[in-house]
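Student: After the structure tokens below, expect a handful of questions from me.
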Amino acid sequence: MITYTTATTDNELKEILALQQKNLPTSVSPQEKEKEGFVTVVHTFEILKAMNDICAHIIAKSDNLVIAYALCMHPKFANDIPVLKPMFDELEAIIPPIPSFIAMGQICVDKAFRKQGVFRKLYKTMQSVTQPTFESIITEIDASNTRSLQAHAAIGFEEVKTYESSGQLWRIVSLT
């Protein structure tokens with residue numbers, strides 16, 4: 001049975017980091033990147049914990065192990081993860097501005113639990129935990145990560161903006 005909750009322990013945060021390491025572009029084959037997707041950002045334990053202390057990350061657990069996560073990133077961390085700073089700069093330039101939002105800093109589902117609705121349930125849980133404090137969930141997706149783009153569109157994310165940073169194309173999407 002899979003349960004959905006917020007991260008509350010250091011051990012859960014360490015399990016998030018372990019799952020992240022298994023799904024970085026350097027850890028998956030080119031075929032797997034195209035078919036299954038990948039995660040881009042490498043977090044330190046310290047930044048992951050600081051983010052969790054402000055707005056707890058959403059996790060899915062099976063047999064008491066973290067098998068999926070959606071990281072909650074309050075905009076106050078905009079300058080703390082260099083690869084995400086351009087996204088926040090782009091969001092600041094949008095007129096009219098996007099109402100109060102939480103950034104989903106990364107989402108990942110363990111390979112053994114994919115195609116079981118975990119992705120969708122992580123976002124439903126994130127919405128229920130973060131609303132009404134935040135009106136929307138914003139994230140950016142590497143434009144080459146077609147699997148992630150399709151998955152986000154399937155649950156209602158809409159494109160807000162496409163931009164280029166350091167020679168890479170990004171798509172900012174929003175779920176309200």
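Student: Rounded, prolate or oblate: pick one for the stretch 56-99, where a ≥ b ≥ c are the square roots of the eigenvalues of its C-alpha gyration tensor, a/c under 1.5 means rounded, and failing that, prolate if a/b is larger than b/c, else oblate.
Tutor: Prolate, since a/c reaches 1.5 and a/b exceeds b/c.
Student: Here's something else I'd like to know. Let me make sure I get this right: for the chain, a, b and c are the square roots of the gyration tensor eigenvalues over alpha carbons, sorted descending. Under 1.5 in a/c it's rounded, otherwise prolate if a/b > b/c, else oblate. Which is it?
Tutor: The shape class here is rounded.
Student: Find the accessible area per residue for the stretch 1-115; the probe is 1.4 Å, ligands and nucleic acids are left out, and the unit is Å².
Tutor: 50 Å²
Student: Let me know the shape class of the stretch 85-176, please: from the alpha-carbon gyration tensor, a ≥ b ≥ c as square roots of the eigenvalues, rounded when a/c is under 1.5, otherwise prolate if a/b is greater than b/c, or oblate.
Tutor: The shape class here is oblate.
Student: Work through the residues other than T40 whose Cβ is under 10 Å from its Cβ and net out their charges, Lys, Arg +1 and Asp, Glu -1.
Tutor: -2
Student: Kindly write out, for the stretch 73-90 in residue order, the coupling ³J(HN,Hα) from the Karplus curve 6.51 cos²θ - 1.76 cosθ + 1.60 (θ = phi - 60°), rounded to whole Hz, with x marking Gly and Pro.
Tutor: 10, 5, x, 5, 8, 3, 9, 8, 10, x, 5, 9, 4, x, 4, 5, 4, 5
Student: Continuing with the same structure: If we sort 128-140, 56-68 on the protection proxy, mean other Cβ atoms within 10 Å, highest first, what's the order?
Tutor: Order by mean packing, descending: 56-68, 128-140.
Student: Ok, one more. State the antiparallel share, in %, of DSSP beta bridges confined to the chain, rounding to the nearest 5.
Tutor: Within the chain, antiparallel bridges account for around 90 percent of the total.
Student: Still on this structure: Give me the percent of accessible area attributable to carbon and sulfur for the chain, probe 1.4 angstrom.
Tutor: Its accessible area is 53 percent carbon and sulfur atoms.
Student: To continue, here is another question. What list of ³J(HN,Hα) couplings, whole Hz, do you get for the stretch 112-127 from phi and the Karplus terms 6.51, -1.76, 1.60, once you set θ to phi - 60° and write x for glycine and proline?
Tutor: Working through the residues one at a time gives 5, 10, 6, 6, 10, x, 5, 3, 4, 5, 4, 5, 4, 5, 4, 4 Hz.
Student: For the stretch 1-140, what is the relative contact order in percent, using Cα pairs closer than 8 Å and at least 6 residues apart in sequence?
Tutor: Averaging sequence separation for qualifying contacts and normalising by length gives 26 percent for the stretch 1-140.
Student: If amide H atoms are built 1.01 Å from N in the plane of the peptide, which residues on other chains or at least 5 residues away come under 5 Å of the amide H of K161?
Tutor: I172
Student: Quote the charge dipole size of the chain about the Cα centre in Debye, to the nearest 20; the model charges only the Cβ of Lys and Arg (+1) and of Asp and Glu (-1).
Tutor: Magnitude of the dipole: close to 560 debye.
Student: Roughly how many Å is it from the Cα centre of the stretch 110-168 to that of the stretch 14-49, as a whole number?
Tutor: The stretch 110-168 and the stretch 14-49 have Cα centres spaced 15 Å from each other.
Student: Divide by every residue of the chain the summed helix terms, -39500 (n - 2.57) for each DSSP H run of at least 4, and state the resulting mean residue ellipticity at 222 nm, rounded to the nearest 500 deg cm²/dmol.
Tutor: -10000 deg cm²/dmol
The values are calculated or read from the model by the stated rules, or taken from the named source; none is laboratory data. Please read these numbers as outputs of a predicted model, since none were measured by experiment. Every residue, glycine among them, receives a Cβ derived from its backbone with ideal geometry; neighbour counts consider all protein chains shown. All accessible areas refer to the heavy atoms of the entire protein, side chains included, with ligands and DNA or RNA removed. Shrake-Rupley method; radii C 1.70, N 1.55, O 1.52, S 1.80 Å.
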